[in-house]
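Have a look at the structure that comes next, please.
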Amino acid sequence: MAYNSGAGTSGAEQGMASPAKLKTGTQLAAAFDQLVRDRNSLEQTWRLNLAFFGGDQYTYFSRTSNNLDRLPTEDHEKPNYRVRVTSNQMAPLAHNLLAKLTKTKPQFGATPGSAQDRDVRASELAEKLMKYWYQTLGLTTKAQEAELYAINTGQGYWHIQWDPHAGKVMTFSLDPNGQPILDDDLVDMYRSMIEQDPAAQEAGITGPEEVDVPMGDLRVDVVSPFDVVVDSNARAEDFSDAAYCFVVRRMYPEDIAAQFGVPDSASGIGEASIPFTQGSQPAAPVTKRVITGYFPPSTKMPKGRFVIFCPGTDDPLFDGPWPFNKMNTIPIVKFPGMMHPGSFYDDAHASIARPIQKELNKTLSQIVASRNLTLNPMLMAPAGSLTRRRVQMAPGAVLSYNTIAGARPEWMQPPQLPSYVFELLREIQSRLEDAYTLKEVDMGSVPPNVEAAIAIDLLQEQASDRVAPTQERYELTLARAGKIMLGLAQQFYEEPRLIKIWGSNGSQVTRFGQADLQGAVDIYVEAGSSLPRTRAGRMARLQSLSDLGLMGPQDLWKHADIADMSSLSQRFRADEDKAHREIEKMNRGEILNPESYQQAIGAIEAGMNPETGEDLGPNDDFEAIVQRAMLAPGPADNHGLESEHVAPD
């Protein structure tokens, strides 16, 4: 089921106020509530899908309570003869599809906006930053969680923010006015003045006061589809045509008061994290909805708007112009489900699978009910023939009865289950797998009579092609996320930073400042890099490239799946790690080979060319000779690798 804001009585048709007219918190909350009501039927579908995914598969939407309700499934809750079997196939199939979509790590890249050195250097740094963020921010797990939302509801979201309280902590010395001293020489001077001040010594002051300040860093949160509400006129999944977007988060009142400087009582209406409690279960801590509104710059609102408010209060917690000077994009990315033309919201695989799952449960319940009748059949008895109304089925029990006109009680023989019932079960299972675009080869099995490795690999490729459109949109989503993260870094990475990247090439440490990021850069994900691939197929391709001489052993190991051979990979990457360290030394202007450098200087002073062993001639370039000596590989270096990574152009 897809949402179409143009159908029915949407807020837009009822004359919803334009973004420029949403001034107060009350008006913003009213617009938010109207958008939620417009997609009410869609949210019902999402809740049902998530309930089925969680195994609560006798759930239905009650029009009486306007909420989800469920049929009793436990023996003490329902009649004994009623059988309600749950065989949850949606959860494992959803995880199988998730594994298929996220099996291969996407390969990020960055392209400069021009051939200028500034843009080229910024693009190189941006590519390293994407790898660093993917590792340190746990984006692999967060992408899986968001995509699992998309499988079950049609969409999952990342909310990308700048968190001033995150990142490493820096220690600053304060001057007498309480302001940080940014110059180390001034800090030493101030400390010397304090040491020479008798009053300071008498007061026990030994140096300037110090304060720890976090550097701040990016923050990526996975947001459920219920907590992202988009302008009803939006159609593009990249939010490019959305006039505004609301994001909901839940905070404790004391956190709201501390962050925004308002009393607890003025921060909105409390909401329990769990809407009800059962038995002696303690009440959940009360949290409050805090809604962030993004209004990107437009013709009607040239300065844009960034507002934070709580429902139930008229004064926003924060209200100001668009705060991002490096981007005009709403910092939210949507992970794709099944595309629905003309709608911002995607369809979910779970919506297709849910009625099939119900049929599976129903069929299994009927089979179990038939088994119960076979093991405990009904008894046909003439009226008044039984001496006891309730027949005991315990082993060895004696059944007393009276014959009436020669008739006596008889067990009723239930009919045999037809064979097509079990064929139906297999058909239902196959249709469930189709709902999640999975085939036999995705489930770890192959069709009968298929044994050749190349045939299996071709089947894997054909199965992967079924999710290729979703995979392409998944890669575009990650690329959009990278652009937003880079824009935030270009604006807020003010202090010099150090990043360390771990990978098949070893570890790389890069130091950079804000100026190094300032350039025209475009982030992309290599097309098809995240498509699922078999290990056997990958190794076969690598072997073929090696046989053709297109890839050497020093490059082959990087792409091979040798995670369980760490000692081998450490030996292979030792030389390359050293080469990268020498690149860092070159960037700092340091000498790579001091011994060779000193020998070259001594030879030149003696009038000899150290490279030829002959007397210096008028055509010898002294500067070039010294530079080559500075960069010369040492006796323990891998000369081929050194020249590949370090030698100047």
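The values are calculated or read from the model by the stated rules, or taken from the named source; none is laboratory data. Please read these numbers as outputs of a predicted model, since none were measured by experiment. We place every Cβ from the backbone using ideal geometry, glycine too, and count neighbours over all the protein chains shown. Note: accessible area is taken over every heavy atom of the protein model, side chains too, but ligands, DNA and RNA are not part of it. Shrake-Rupley method; radii C 1.70, N 1.55, O 1.52, S 1.80 Å.
Under 29 Å from Gly482 (Cβ atoms) and open to solvent by less than 40 Å² (accessible area, probe 1.4 Å): is that true of Ala29 in this structure?
Taking the combined requirement at face value, the residue does not satisfy it.
For the stretch 94-110, give me each residue that is among the basic types (Lys, Arg) and open to solvent by less than 20 Å² (accessible area, probe 1.4 Å).
Passing the criteria: only Lys100.
Looking at the stretch 227-238, which of its residues are in a loop (DSSP other than H, G, I, E, B) and open to solvent by less than 10 Å² (accessible area, probe 1.4 Å)?
Correct list: Ser232, Ala234.
Can you name the condition, by its number, that Asn88 falls short on among (1) modelled with pLDDT under 90; (2) open to solvent by less than 60 Å² (accessible area, probe 1.4 Å)?
(1)
Can you list the strands (runs of 3 or more DSSP E) found entirely within the stretch 45-124 that contain at least 1 residues being without any contact (Cβ under 8 Å) to a residue 40 or more places away in the chain?
Answer list for the stretch 45-124: 59-62, 67-70.
Can we say Pro208 is in a loop (DSSP other than H, G, I, E, B) and touching a Lys or Arg at 6+ places or on another chain (Cβ under 9 Å)?
So Pro208 passes the test.
So, in the stretch 580-608, of the ones that are modelled with pLDDT of 75 or more, assigned to a loop (DSSP other than H, G, I, E, B) and out of contact with any helix residue (DSSP H, G or I) (no Cβ under 7 Å at 6 or more places or on another chain), which residue ends up most open to solvent (accessible area, probe 1.4 Å)?
Ala606
Check whether at least one residue in the stretch 348-365 is in contact (Cβ under 8 Å) with a residue 60 or more places away in the chain, over 20 Å from Ala51 (Cβ atoms) and either surrounded by 21 or more Cβ atoms within 10 Å (Cβ to Cβ) or within 29 Å of the chain's Cα centre (by Cα) (or both), and report yes or no.
no
The rows are residues; the columns are (1) surrounded by 10 or more Cβ atoms within 10 Å (Cβ to Cβ); (2) modelled with pLDDT of 85 or more; (3) part of a helix (DSSP H, G or I); (4) not β-branched (Val, Ile, Thr).
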residue: Pro395; (1), (2), (3), (4): no, no, no, yes
residue: Gln413; (1), (2), (3), (4): yes, no, no, yes
residue: Phe422; (1), (2), (3), (4): yes, yes, yes, yes
residue: Gln429; (1), (2), (3), (4): yes, yes, yes, yes
residue: Glu433; (1), (2), (3), (4): yes, yes, yes, yes
residue: Leu438; (1), (2), (3), (4): yes, no, no, yes
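For the stretch 469-482, indicate whether the set of residues that are outside any helix (DSSP H, G or I), modelled with pLDDT of 80 or more, touching a strand residue (DSSP E or B) at 6+ places or on another chain (Cβ under 9 Å) and open to solvent by 50 Å² or more (accessible area, probe 1.4 Å) is non-empty.
no
Here is a follow-up. All but one of (1) at pLDDT below 90; (2) open to solvent by 20 Å² or more (accessible area, probe 1.4 Å); (3) of a type outside the set (A, V, I, L, M) hold for Ser62; which doesn't?
(2)
What is the one condition in (1) in contact with an Asp or Glu (Cβ under 7 Å, 6 or more places away or on another chain); (2) open to solvent by 60 Å² or more (accessible area, probe 1.4 Å) that Thr24 does not satisfy?
(2)
Sticking with this one: Tally up the residues in the stretch 309-343 that are under 30 Å from Arg47 (Cα atoms), open to solvent by 10 Å² or more (accessible area, probe 1.4 Å) and within 29 Å of the chain's Cα centre (by Cα), please.
8
Of (1) modelled with pLDDT under 90; (2) in contact with a strand residue (DSSP E or B) (Cβ under 9 Å, 6 or more places away or on another chain); (3) surrounded by 14 or more Cβ atoms within 10 Å (Cβ to Cβ), Ala383 satisfies all except one. Which?
(3)
Quick check on Gly342: is it out of contact with any helix residue (DSSP H, G or I) (no Cβ under 8 Å at 6 or more places or on another chain) and at pLDDT 90 or above?
Judged against the criteria, Gly342 is not a match.
When residues of the stretch 180-218 are filtered for being touching a Leu at 6+ places or on another chain (Cβ under 8 Å) and open to solvent by 50 Å² or more (accessible area, probe 1.4 Å), how many remain?
Qualifying residue count for the region: 4.
Also, quick follow-up: Hey, any hits in the stretch 158-176 for a residue that's open to solvent by 10 Å² or more (accessible area, probe 1.4 Å), in contact (Cβ under 8 Å) with a residue 12 or more places away in the chain and within 30 Å of Asn40 (Cα to Cα)?
yes
Quick one: is Arg118 open to solvent by less than 60 Å² (accessible area, probe 1.4 Å) and either more than 21 Å from Val509 (Cβ to Cβ) or among the hydroxyl-bearing types (Ser, Thr, Tyr) (or both)?
no
A further question on this structure: Out of all the residues in the stretch 204-250, which are of a type in the set (S, T, N, Q) and touching a Phe, Trp or Tyr at 6+ places or on another chain (Cβ under 8 Å)?
Hit for the stretch 204-250 is Ser224, nothing else.
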